[in-house]
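Asks: Before we start, here is the structure in question, set down as structure tokens.
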Amino acid sequence: MSSRPHILITNDDGVKAPGLAALAEALSRVGRVTVLAPQRNWSIAGHAKTLYKPLRVEETTLANGMPALATNGKPSDAVALALLGVVEPPIDLLVSGINSGPNLGHDVTYSGTVTAAMEGAIGGLPAIAISLQVEEGHHYETAAAFAAHLARLVLRHGIPAETLLNVNVPDLPAEAVRGVQITRCGRRIYRDELVRRLDPQGRPYYWIGGLPPTGIAEEGTDIGAVAQGYISVTPLQLDLTAHALLGDLHTWDWEGWSN
Ligand code: MN
């Protein structure tokens, strides 16, 4: 790697989000940064990719005036476009965030922030997803400072292929953060409720409503760490195989299915 690493930055809150600006500013002290982010908010859009309409990339600026590229695509599109040549290689690291709101436990399957990092891992990049604990959070500077520290660590140590780091930061001033915990994914408790209404023609339509999720603040988990005021760093892997189930499945009767 050259002495000045090249860091690709994206997010799922859109190119004008305050967390993206804070992240780009902090990481510009670690290396050369290129920002390629969605034009609009794609939160909870998951690992979607655009194949059936054209993707555009235009020059714009972040909320802090730094130069950036914006796409009409989704977070994973932004990463894919960058890796396919829209951004000049080599790219040494991908950082996605700083998301407005947590990405804990099962959230990682919904999160555009985390799945953008997964797209980077699929493309062979070491990748970090970073989220601030509170929507409308105040302390992006805390998450940004930690992102810079972690980026240096990842560039120094590397992480295995097809892995990524999912980081959640409490919405606190840096001096109030109690430390860093390496964690596993916790158990989210979703409180979704079906909201059924009628349109002017009398046909029903639906919202997925309800209260924000809670979770089980178990020791050693991401949910437990941030609940106690720690920064949580969770290693994730693209291999979702349920290894504990492999043996069981081998004992099932797999014959006769085509009769
Ligand atoms: Mn988001």
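The values are calculated or read from the model by the stated rules, or taken from the named source; none is laboratory data. The model shown is predicted, which means the values in this text are computed figures rather than measured ones. Because the Cβ atoms are built from the backbone with ideal geometry, glycine has one as well, and the counts that use them run over all protein chains shown. Note: accessible area is taken over every heavy atom of the protein model, side chains too, but ligands, DNA and RNA are not part of it. Shrake-Rupley method; radii C 1.70, N 1.55, O 1.52, S 1.80 Å.
Asks: Arrange the peptides 234-243, 248-257 so that the one whose residues have, on average, the most other Cβ atoms within 10 Å appears first. The partial results should precede the final answer.
Replies: Values: 234-243: 12.1, 248-257: 7.3.
Ranked by mean Cβ neighbours within 10 Å, highest first: 234-243, 248-257.
Asks: Looking only at the chain, where both bridge partners belong to it, what percent of the DSSP beta bridges are antiparallel (to the nearest 5)? It would help to have the intermediate numbers written out before the result.
Replies: Details: 21 of 47 bridges.
Given both bridge residues lie in the chain, the antiparallel proportion sits at roughly 45 percent.
Asks: Set the Förster radius R0 to 41 Å, insert the Cβ-Cβ distance between K53 and I189 as r into 1/(1 + (r/R0)^6), and round the FRET efficiency to 0.05. Write out the running numbers ahead of the final one.
Replies: Working: r = 37 Å, r/R0 = 0.89.
After rounding, the FRET efficiency stands at 0.65.
Asks: Roll a 1.4 Å probe over the protein chains and send me the accessible area per residue for the stretch 115-259 in Å².
Replies: Values: 8970 Å² over 145 residues.
Heavy-atom accessible area per residue stands at 62 Å².
Asks: Using a 10 Å cut-off on Cβ atoms, rank the peptides 161-171, 210-220 from the highest mean neighbour count down. All intermediate terms of the calculation are to be shown ahead of the outcome.
Replies: Numbers: 161-171: 22.5, 210-220: 13.3.
Per-residue Cβ counts within 10 Å, averaged per peptide and sorted highest first, yield 161-171, 210-220.
Asks: Give me the dipole magnitude in Debye, nearest 20, for the stretch 1-75 about the Cα centre, with unit charges on the beta carbon: positive for Lys and Arg, negative for Asp and Glu. Could the numbers behind the result be given before it?
Replies: Numbers: 9 positive and 5 negative charges, 35 e Å.
Here the stretch 1-75 has a charge dipole of around 180 debye.
Asks: Something else now. Beta carbons within 10 angstrom, averaged per residue: use that to sort the peptides 63-70, 85-92, highest first. Write down the numbers at each step before the final one.
Replies: Values: 63-70: 16.0, 85-92: 13.5.
For the peptides 63-70, 85-92, the packing ranking is 63-70, 85-92.
Asks: First compute the accessible area of the stretch 126-215 with a 1.4 Å probe, then give the percent of it belonging to carbon and sulfur atoms.
Replies: Details: 3090 of 5560 Å².
Roughly 56 percent of what the probe reaches on the stretch 126-215 is carbon or sulfur.
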